[in-house]
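Only the coordinates and a few stated rules stand behind these numbers; no lab work does. The model shown is predicted, which means the values in this text are computed figures rather than measured ones. No Cβ is skipped: glycine too gets one built from the backbone with ideal geometry, and neighbour counts run over all protein chains shown.
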């Protein structure tokens, strides 16, 4: 760690980010065109790679959980988990999905329902089944498998083996001291690049949704000034949370959010068509399980090719581009857990919650679409950011529900930005677990500025596509990461079980006897 | 220790190759050769018998005690039967280079023999035919495990002589710099200890410690050091991956341009692999 100049990753990342943002301001059309071309070519040429890599990450995670490696602790042997299960799951969920799930919880099933692949009639029962199954699939265990590979590697090499918590540290078994050189810098800078653009995009779209919700409730016109005020308020809030540290800020907010989200979920389940929702949950779970392999590995070259590109491959690239950020954050909150506990916990609990969320919100919308409010799917799809609020308008206490959801969004917004700020500061200060406050402030302000500027200049879409383009090198990096993690864990197991080859070295007397 | 040798021939080898092998194994201290050939056809042909006789005469002229043995049937089974019957100290196998496509489609008798043989086997590569008498250098790839107990006697006894012995350890890097430092220090100590034991028989003993795949590093270091011979221990492998991809011994035999002597760790072995990291 001492060998690495302190500010190389920080300065290089900042220059790169500012360059892209400047391009987005000066010529948003050029940036959009460039990112569109990059994104299109990458998805078209390497789509199969995303599918197979993601499926491989899932198999690899399960292999680690169920093999002897599952007993390895992500920390020293005597260490205990720092956060309770509830605190851990809350933060896991808030960092990994949170804001996106609120945004897409109703909108995604409705969008698939109205715009399924060409071989399915839109608006049909088959389209509804397809919509629910694929919503489960896109937000199910695969995204978590991607996060697991990243966070497990960071946690193992950092907390178990004493390396700095950086993505480059995970490659020590493969490239040795080169992690302190150009190769290491490139990996870390790429991670910063993906994180800042991923989070700025999410914040930008989140600001849109919050503003739309507030506009509906308080009946005002949403203008650029509203966006800017909103982003400024949230920036102050998440910086305040970030400066109080992980223990207090993010943990408290994440727990609060999960509680609010669970209450909202239970309310909708109770007030809405309960048995219809449970029917959908049961039936979609069955569909998901039975078509899991097919969905996981099918690029659909003969039918629905474009649909798979626009949705599944887009999502996989998106999750991968988010993985450096979520991976580093999840690693930092998972210290003291065993590999098995970590993998099984991260794969099951958030997935079950996500399935429930989609069943409740998607199911409620389907109930209206097929019952008393035909056309709601069309309304939701035409303005995705207000989709959830449209649904509430058919329920009692719709204003209260909208306000609660806006609160939920704001808090998820804060927790995401807070954890991203923490991760960015950590990555650019050579993996310091308590990064300097100044760096947190710089990155916090950068995230918000990037989101605000590109929201106004119309460059958010381009930024999202740039983040997804960064997923391609990261997919390759993650495949090597699996190899490196396997080597490291194998060594670790051998070391602890006294089977390491170098510990079996013949003693002098043995060699003498042999000769 | 390497006094008697079984030399299986396909009879396609040139006299130059035979003389070269003979002079090589003479340097190893071999005095008696069981010259063998397995006929795959229904009857032994006159021409082939005559060639066996000529080769035997050539070897006798080089002061070897030679006996000839001809069998019919499968080459690999025939050689295995002969090694059981004649109990030679080792087998000298003239290596026949086969292109990878042909090797994967029709297989290689040489590889089948390497896989099946349970006595030390010298894999003689034509490329390393040298006009210099004696061996300049031998490279031994060790992992400080069971194979040392069967290879070290050859290195410290009177069987193998060379001016330089390279002791090589190739393995994977540890997961962090501190552990790697410790690993390397242990390896260096063990290599030094092994070097001390072997120094009696060699003018110069050098140690090499590398990081990487064993099968690649052995071949690379042998080429880099221009070694005359690689010595490797061979033991049973339970690893599925070795069964699918072939053992380290097979891989090194295919890739290396250096002569190799494989010493099996177990009495009888059907699928061998070098325990080496």
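Helix B:214-224 sits at what angle to the longest principal axis of chain B, using alpha carbons and giving 0 to 90 degrees rounded to 10?
Long axis of B:214-224 versus the principal axis of chain B: about 80 degrees.
Sticking with the crude label model, points 7 Å out along Cα→Cβ, report the distance from residue B:47 to residue A:19 in nm, one decimal please.
With each label point 7 Å from Cα toward Cβ, the separation is 7.2 nm.
Taking the Cα-to-Cβ direction at residue A:378 and at residue A:352 and moving 7 Å from each Cα, how far apart do the two end points lie in nm?
4.0
Could you work out, residue by residue across B:141-153, how many beta carbons of other chains sit within 10 Å of that residue's beta carbon, and then give the average as an integer?
So the per-residue partner count for this stretch is 3.
Order of A:378-386, B:168-176 by packing, highest average Cβ count within 10 Å first?
Per-residue Cβ counts within 10 Å, averaged per peptide and sorted highest first, yield B:168-176, A:378-386.
Residues in the range A:152-192, backbone N under 19 Å from the label point at residue A:77 (7 Å along the Cα-to-beta-carbon vector): list them, ranges by number please.
Correct set: A:156-163.
May I ask you to order A:18-25, A:144-151, A:205-212 by the average number of other C-beta atoms within 10 Å around their residues, highest value first?
Highest-to-lowest ranking by the protection proxy: A:144-151, A:205-212, A:18-25.
Multiply the residue gap between residue A:243 and residue A:445 by 0.36 nm, knock off their C-alpha separation, and tell me the result in nm, one decimal place.
71.4 nm
Considering every residue in B:175-185, what mean count of other chain Cβ atoms within 10 Å of its Cβ is obtained?
Details: counts 19, 12, 10, 3, 9, 5, 0, 2, 6, 1, 1.
Whole-number average of other-chain Cβ neighbours for B:175-185 is 6.
Take every Cα pair under 8 Å in chain A that's 6+ residues apart, average their separations, divide by the length, and report that relative contact order as a whole percent.
About 35 percent, as a whole number.
What angle, in degrees between 0 and 90 and rounded to the nearest 10, separates the Cα long axis of helix B:146-156 from the longest principal axis of the Cα atoms of chain B?
So the helix axis and the longest Cα principal axis differ by about 70 degrees.
I'd like the distance separating the alpha-carbon centroids of the range A:381-401 and the range A:180-225, in whole Å.
Each part reduced to its Cα centre gives a spacing of 23 Å.
Let's test the formula: R0 of 35 Å, r as the Cβ-Cβ distance of residue B:17 and residue B:209. What FRET efficiency results, to the nearest 0.05?
0.45
Taking a label point 7 Å from the Cα of residue B:1 along the Cα→Cβ vector, which residues of the range B:98-128 have an amide N closer than 17 Å to it?
B:119-123
Name the residue, out of B:200, B:38, B:151, whose mean-square fluctuation peaks in a Gaussian network model built on chain B with Cα pairs under 10 Å.
Largest GNM mean-square fluctuation: B:200.
Compare the peptides A:340-353, A:420-433, A:29-42 by average per-residue count of other Cβ atoms within 10 angstrom and give them in order, highest first.
Working: A:340-353: 19.6, A:420-433: 24.4, A:29-42: 16.4.
The most tightly packed comes first, giving A:420-433, A:340-353, A:29-42.
Taking chain A as the reference, fit the longest principal axis to its C-alpha atoms, fit the long axis of helix A:125-138 to the helix C-alpha atoms, and give the angle between the two in degrees, 0 to 90, nearest 10.
30
Report the label-to-label distance for residue A:279 and residue B:161 in nanometres (one decimal), using points 7 Å from each Cα along the Cα→Cβ vector.
Going from the residue A:279 label point to the residue B:161 one covers 9.3 nm.
So if each residue of separation counts as 0.36 nm, and I subtract the Cα-Cα distance between residue A:183 and residue A:293, what length gain in nm does that give?
Stretched out fully, the residue A:183 to residue A:293 stretch lengthens by 36.1 nm.
Take the alpha-carbon centre of the range A:426-475, take the same for the range A:115-151, and report the distance between them in whole Å.
That distance is 28 Å.
Which value in deg cm²/dmol, rounded to the nearest 500, describes the helix-derived mean residue ellipticity at 222 nm for chain A, given -39,500 (n - 2.57) per DSSP H run of n ≥ 4 and division by the residue count?
Computed mean residue ellipticity for chain A: -24500 deg cm²/dmol.
Can you grab the distance from the C-alpha centre of the range A:254-304 to the C-alpha centre of the range A:1-67, Å, no decimals?
After rounding, the separation between the Cα centres reads 29 Å.
Using a 10 Å cut-off around each Cβ of peptide A:173-179, what is the average number of partner chain Cβ atoms that fall inside?
Partner Cβ neighbours, averaged per residue: 3.
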